[in-house]
Each structure stands twice: as structure tokens, then as C-alpha cells.
Amino acid sequence: MKEKRAKKKKHRKKDNKKEKYSDSSSSSPETDEWVEKKNKVTKTDTDRDEWMAMTGDPRSKSGKRKAETYNSNNRVKYFANDDKYNLSQMFEQEKYGTNYDQDAELAAIAAKHKNPNDELEDIFVDEISKNKNLDKESEREKQYAINQSMKLEMSLDGCEYCIDSKNMLKHLIVSYGNKVYMALPAKKSLVQGHCVITTLQHSTCVTSLDEDVWEEILNYRKIITQFFNTQNKDVVFYETATKLHRYPHMVINCVPLPRDVGDMASIYFKKALLECEAEWSMNKKVVDLSGKNIRKGVPKGLPYFWIDFGMDPGFAHVIEDQQLFPKTFAEEIIAGILDLNHTLWKNPQREYGDVQRKKVLEFMKEWKPFEEVMKNKA
């Protein structure tokens, strides 16, 4: 009797569970908008991507699942977003993007990953192999583009080297070409004859320049080297490219040196580069640019310092800690070689009005014959 009563109780509990389940499933609310979307999209092979983008993969709890890369034993694609961009879009991303974008994406993926023993490369490949919500991806890309545009606009408004900027001092321009111009610094010059080469349009660094702009810079460097050689001087060209995510304007400094000092300048700079920043580094301390230029010596997007001695190749250095590497690295070394006052390189005073005009007129008197050569080349 006791066994029969126990069996009856079990059957009653099962019946109650079934009734609760049926009531809950029947009462699940569906909005009119959802029903319309559901009717529009059908689960066929051709509309599968659209359905997955809207609803997620029903076979996984999180709505994400590895993309189907095979169709009837033939590989269709490698990753879920292979057919999202065409060739021109991928070229634009590679040309105008930086390593900051990739580092941020990799850091976000690694932070969410649960297994700390997996390698970062495997984590990244596993993440991009999953189907993702296209609406969220497009919204994220749109917001990123807006933020970058606002940063660039703020940088352009306060730029001192853009030809269209209100802060640009046009009376300091000594020579200009199609894409590049040469000017004198607005602050007190490190030595007499100190000048700068920069671009008419806003460019962040040499590694991001187009080939025709770099060719014009090389032409200017040749003429400037000849100009100082006639004065029995050597010249060094250097650039410090840091904080590229803030869109600074590229500036190449040209500083003349006496002959005896110019011959030894490479030794001083190489020693200083070997001793800069921390003792241990991920990259080589000194990249020798023999047989190549800075555009091939340092990957695009990395902060760096480079120096050439006249038209002879010099050295480059990848800056790993931008807080430790001083902005006035080259100026400090040159001042040490020439035994200059520290006020000329540490915090040079800004010059105004007549002082700047006088400096430009003195430079133009000696530069005038070489300006004609430059125009003939152009």
C-alpha cells in the first residue's frame, strides 16, 4: 500500500511540472516588431547570415559560434568577416590605421578570456572566428570613426605647421614646394642656420607619408646639405615621433655642425641611443639604417627617433616608453657636443616680430642661389 501511494505522488508531481512548463511557454511575450522581423527573414541557406546577425546563433547560449567556413566540402571563407570588406576598404584600413587599434582590440579580447594559459595568438584567432552581431559592430565602428575625427579636428585647429591653420606663422617660411616647405623655428634657434622641413598638409610622421612626399623631402635634404657644405659645415637631420595617437604634425629638424664635430656626431648619437630608456627592451636599441631609410627601418605606427648625417644613413630607435624618452633628446646631445647653454635646448624662448623677420632675412641672403636650384628641380 505504501509503495502504491508513493508512486501516485510521483505521477502527480510530474503532471504539475508539465502544466507549469506549458503555461510558461504559452505565455512568452513577443512584440509586433519582433514578429515582423521574424516573418521577413527565413532560415534558408541564402539568408542565414542575416538571420544570425539579428538573432545570434541559436545553437549557443551566448549567440556566438564559430562561423561555417565550408559548404559541401569546399572552403568558402576562413573567418566570419571575410566577405565584410572589399580590397579597397582593407587597403584604406592598412594605410590609415595604426598599431594602437590592434593593441586595444587584442587587450580587450585577452582581458575577457578565461584561460590564462592560452597564447595570445590563439585567443585572437579564436575570437575572430566567431559570428558577431553586425549591428553592434557597425555601431562600434561608427563611434570610433567619430572619436578619431574629433581628435584630428582638435589637432588641426591648434597646429602651428599646417598652412591653413590660424596659428601658422607664414613669415617664417623660407622655401616651399608642391607638398613640402622649409621654414625657420618660431623659438630661438639651437645654432645659426637651424631650420625645419615639414609638410603642407597635416601628416603625423615620416613612416605615414606617401612616396611622392618623401621624394620631395629627399630633394630638400640634398639642397640643404649642399648649402651647408659651401659654408664648410656638416648637417644632421632628425625627427622625434611620439604620441602619434594625438596626431602631431611631422617636423624634421636640420641643424648644421662644424666639420670636426660633424665627423664625430654619429659616435655620440649611437652611444646616447644605447644608453637611453630602460636597460632591457623588446626592440633593438639602435637600428642601423645603412642600405635603407627610416620608412623601411621602423614599422608604421610605432613611436621612434631617427637621425641621418647629411645624405649618409644614420640610426633609428623605437621608443618603448614615451614617458622616459625626452622630447629634446637630439637637442641635448648637440648642445653637449657644442657646449651650448642649457636654455637653448631645455626650454627655448619663443621669438616674436622683428627678431623673427631679421632671422629670416639673414638666412634668405645665403639661401637665395640654392632656392633657384630647388625650383629648377621642381
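The values are calculated or read from the model by the stated rules, or taken from the named source; none is laboratory data. Predicted model only: the values in this text are computed from it and were never measured. With ideal geometry, Cβ positions are generated from the backbone for all residues, glycine too; neighbour counts draw on all protein chains shown. Surface accessibility is based on the protein's heavy atoms, side chains included, excluding ligands, DNA and RNA. Shrake-Rupley method; radii C 1.70, N 1.55, O 1.52, S 1.80 Å.
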### Which listed pairs, of 271/296; 170/296; 84/142, have C-alpha distances above 21 Å, in listed order
271/296; 170/296
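What does the highest-first list of 250-260, 335-345 look like by mean Cβ count within 10 Å?
Values: 250-260: 18.2, 335-345: 13.8.
Result, highest mean first: 250-260, 335-345.
Compute, for segment 173-320, the length of the dipole vector about the Cα centre, with Cβ point charges of +1 (Lys, Arg) and -1 (Asp, Glu) only. Units Debye, rounded to 20. Can you show the working numbers first?
Working: 17 positive and 16 negative charges, 49 e Å.
For segment 173-320, the charge dipole is close to 240 debye.
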### Query
³J(HN,Hα) across segment 186-200 via Karplus (A = 6.51, B = -1.76, C = 1.60, θ = phi - 60°), whole Hz, x for Gly/Pro?
6, 8, 4, 5, 5, 9, 5, x, 4, 9, 10, 10, 8, 9, 5
### Over 19 Å between alpha carbons, listed pairs 270/327; 188/346; 187/327
none
### Task
Would you kindly find the accessible area of residue 329, with a 1.4 Å probe and non-protein molecules such as ligands, DNA and RNA excluded, rounding to the nearest 10 Å²?
20 Å²
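How much of the accessible area of segment 128-212, in percent, comes from carbon and sulfur atoms when a 1.4 Å probe is used? Intermediate results must be reported in sequence, preceding the final value.
On the way: 2490 of 4810 Å².
Ligands and nucleic acids excluded, carbon and sulfur reach 52 percent.
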### Query
Alpha carbon centre of segment 256-319 versus segment 332-378: separation in Å?
23 Å
### Query
Averaged per residue, what accessible area in Å² does segment 264-317 show with a 1.4 Å probe, protein chains only?
55 Å²
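Rounded, prolate or oblate for segment 241-336? Axes are the square roots of the Cα gyration tensor eigenvalues, ordered a ≥ b ≥ c, and the cut-off for rounded is a/c under 1.5. If you can, show how the numbers build up before the last one.
Values: a/c = 1.43, a/b = 1.38, b/c = 1.04.
Rounded.
Out of the total accessible area of segment 242-378 (probe 1.4 Å, heavy atoms of protein only), what percent is carbon and sulfur? Please list the in-between numbers first.
Numbers: 4330 of 8130 Å².
Answer for segment 242-378 is 53 percent, counting heavy atoms of protein chains only.
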### Query
Under a point-charge model restricted to the Cβ atoms of Lys and Arg (+1) and Asp and Glu (-1), what is the dipole moment magnitude of segment 234-361 relative to its Cα centre, in debye to the nearest 20?
540 debye
